[in-house]
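Since the structure comes first, as C-alpha cells, the remarks are kept for the end.
Read-outs: derived from the displayed coordinates by stated rules, not from any lab. What you see is a predicted model, and the numbers here were worked out from it, not measured in a lab. Cβ placement follows ideal geometry from the backbone for every residue including glycine, while neighbour counts extend to all protein chains displayed.
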Amino acid sequence: MSLTSKSIGMLLEIKDPNIIFTQDAILEEIQGTTALVLYAELKTRPERCPVCGFLSKLVRYGFERSCVLMPSYSYRPNYLKLSRQRFRCELCRSVFQSETDYVRPHSTISTPVRQMVLFEALTNRSLSDIARHFHVADKTVQRIIDEEAARHNYNQKLWLPKHLAFDEFKATNKMSLIWGDGDRHEIGAILPARTSYALTKYFEGFPLSVRQQVQTVSLDLNAGYINLIPRLFPNAKVVVDRFHIVQMVSTALNMVRVQVMKSLPKRSKEYRFMKREWKVFLKDFNELEANKPTYHVSVGYYETTVNLVAKCLDLNPEFRAAYEVYQGVLGAVRSRDAVALETVLENYRSLGNRMDQSIKTLKKYKKQVGNALRYDYSNGFLEGINSLIKKIKNTAYGYTNWRNFINRIFLERVWFRVKNEKARA
C-alpha cells in the first residue's frame, strides 16, 4: 500500500490492510446528494467455509459491490464503494463473501460511523440532529442505540444495593418509577409503572435472601410506597427524604402567608413586603439580618429584615405560630436532631390552616421521618437524575416509545458515565 493510500486509510479509520483502493476519488450523486466516493476492493481469503467448515472446496464466485457510508469531514457525505470477493463451497453449495471489521455483514454503515453516532448520542442532542450530522436517518441512530442497549444487562434480578432510593418521573404518557443505589448514586432500574402491583411484581422477582439484605429505602412522603416497603424488604428502614419534609411545611407556610396577604390592603407596606420578599419567610430566622438596616424597595425605607418579618407576623397569631413551627422543623432537619423534631410535632396545636395537614402527615409517619435525621441517605441524587431526564425528553420534543426513552437515559447516564469519569481523571 502506498503512502497516499495508507494516509487515506488512516483518515477514514480503515485499519484493515486487505482493503485496497483501486482508483481516485470522484464526486457522484447518491440519493439526491453530491457525495465524495472512493473505490476499493477487499482482497482476503476465508480460512474455511462458515457453513461446513472445509477449505479445500472453496472457489471464487465473482464480486459483490456495496456502497458503505464513511466518516465525513466536510458538508458532503463520503462513501466507499467496496467490492468484496464472493466464494462458493462446492461441498455444501453455500455462497458467502469475504468480511472485514470495517463494516458489518449486510450493513452499509461503516464501524467508525457507528461509533461516532454512538458517541454523539452520549450528549443531550436530538436524534434528528445526530442523523443530519452523519448523513443517516434518525431511525438508524435509534437502531444503533438499541444495538448498544442489547449488550448491557439492566434487567438483572440477582442483586440489590444495601441502600435503595425511590423516585418517580413522567416518562411518556404516564408516571414511571426509578430506583437507584444510595451509595454509588447510580440508577438501578426504571419501571414502566409506579403502582403497588407493578412494584410488587418486579421486586418479588428478586430472591428473598437478596431483598433481606436491603437496609434502608429512601423516598418521599408517598403513603403507598411507605406501606409497601416492609413487605418487599423485611429488614429495611424507610427513610423519608429531608428535602420533602421541609418542602411540606414550607408549602403550608406559604399558603398561610397568602391567606394573611388577602386580608390586607394591596397598598399596605406589609402586603407589598410579603408579596415581593416572600422568600425571606422561608429562610432560617438566624440567617436574617438583625443589626444593619438595608433599603427594601417593597416598603420604601431602610429597615432590618428581622423587624419587617416580625411586623408581618404580628398581623396574625396563626401566621406567627405556623412560622415558628416551620422554623422548628427547619432547624431540627438542618441540625439532624430527631429529638427536637419530635418535640415540635408533639407540641403542635391545631391552627385551623394548611399547617395542620402537614404536621398530621409528619406525625403519622413519625418513625420514617425520624429515620431521615438518623441516617445519611436520601433520594436527592435521583432528583438530579430526573432533571437530566427532563432535559433529554425536552431535547427530543418528547418520547412516544418508552423503551427508546429508557435506552437513551441509560446510554447517557449509566453505561458510559463511569468510563468518561476515569478518562478525565
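Summary value for the range 323-425: 18 percent relative contact order, contacts being C-alpha pairs under 8 angstrom separated by 6+ residues. Across the chain, the relative contact order, built from alpha-carbon pairs under 8 Å that are at least six residues apart, equals 13 percent.
Taking a quarter of the surface of the convex hull around the Cα atoms of the range 242-374, what do you get in nm²?
7.9 nm²
Toward the positive end of the charge dipole of the range 242-374, with +1 on the Cβ of Lys and Arg and -1 on the Cβ of Asp and Glu, the farthest Cα among 291, 361, 273 is that of 361. Computed from the C-beta positions of residue 59 and residue 15, the FRET efficiency with R₀ = 25 Å rounds to 0.30. Cβ crowding within 10 Å, taken as a proxy for footprinting-reagent exposure, orders 24, 183 from fewest neighbours to most as 24, 183. Simple point charges give the picture: +1 on the Cβ of Lys and Arg, -1 on the Cβ of Asp and Glu, and for the chain a dipole about the Cα centre of about 620 debye.
If contacts are Cα pairs under 8 angstrom and at least 6 residues apart, what is the relative contact order of the range 3-108 in percent?
Details: 184 pairs, mean separation 26.2, N = 106.
RCO, the range 3-108: 25 percent.
First check a/c for the range 115-272, with a ≥ b ≥ c the square roots of the eigenvalues of its C-alpha gyration tensor; if it is under 1.5, answer rounded, and if not, answer prolate when a/b is larger than b/c or oblate otherwise. Don't jump to the answer; show the numbers that get you there.
Numbers: a/c = 3.02, a/b = 1.29, b/c = 2.35.
Oblate, since a/c reaches 1.5 and b/c is not below a/b.
Taking amide H as placed 1.01 Å from N in the peptide plane, residue 167 has its amide H under 5 Å from the amide H of 178, each at least 5 places away in sequence or on another chain.
What value in Å³ per residue do you get for the convex hull of the alpha-carbon atoms in the range 105-165?
Details: hull volume 7.9 nm³, N = 61.
Here the figure is 129 Å³ per residue.
By the gyration tensor of its Cα atoms, with a ≥ b ≥ c the square roots of the eigenvalues, what is the shape of the range 332-375: rounded for a/c under 1.5, prolate for a/b over b/c, or oblate? The shape class here is prolate. For the chain, taking a cut-off of 4.7 Å between Cβ atoms, the unpaired cysteines are 67, 312. Ordering 8, 150, 23 by Cα displacement along the dipole of the chain toward the positive end leaves 150 in first place; charges were set at the Cβ atoms of Lys, Arg (+1) and Asp, Glu (-1). Computed from Cα atoms alone, the Kirkwood hydrodynamic radius reported for the chain is 27.3 Å. Count Lys and Arg as plus one, Asp and Glu as minus one, and take only other residues whose Cβ is under 13 Å from that of residue 366; the net charge is then +3. The P(r) of the range 28-136 has a tail past 25 Å containing 36 percent of all C-alpha pairs. Farthest toward the positive end of the dipole of the range 242-374, out of 244, 343, 370, is the Cα of 244, where the dipole comes from beta carbon charges about the Cα centre.
May I ask you to sort 185, 106 by Cβ crowding, counting other Cβ atoms within 10 Å and putting the fewest first?
On the way: 185 13, 106 7.
Final ranking by Cβ density, sparse to dense: 106, 185.
GluC sites (Glu not before Pro), restricted to the range 40-103: which are DSSP loop and have at most 10 other Cβ atoms within 10 Å? Hits after loop and neighbour filter: 47. Inter-label distance, residue 324 to residue 143: 7.0 nm, where each label sits 7 Å from its Cα along the C-beta direction. Pairwise Cα separations in the range 153-240 fall into 10 Å bins from 0 onward with the following percentages, short to long: 17, 58, 24, 1.
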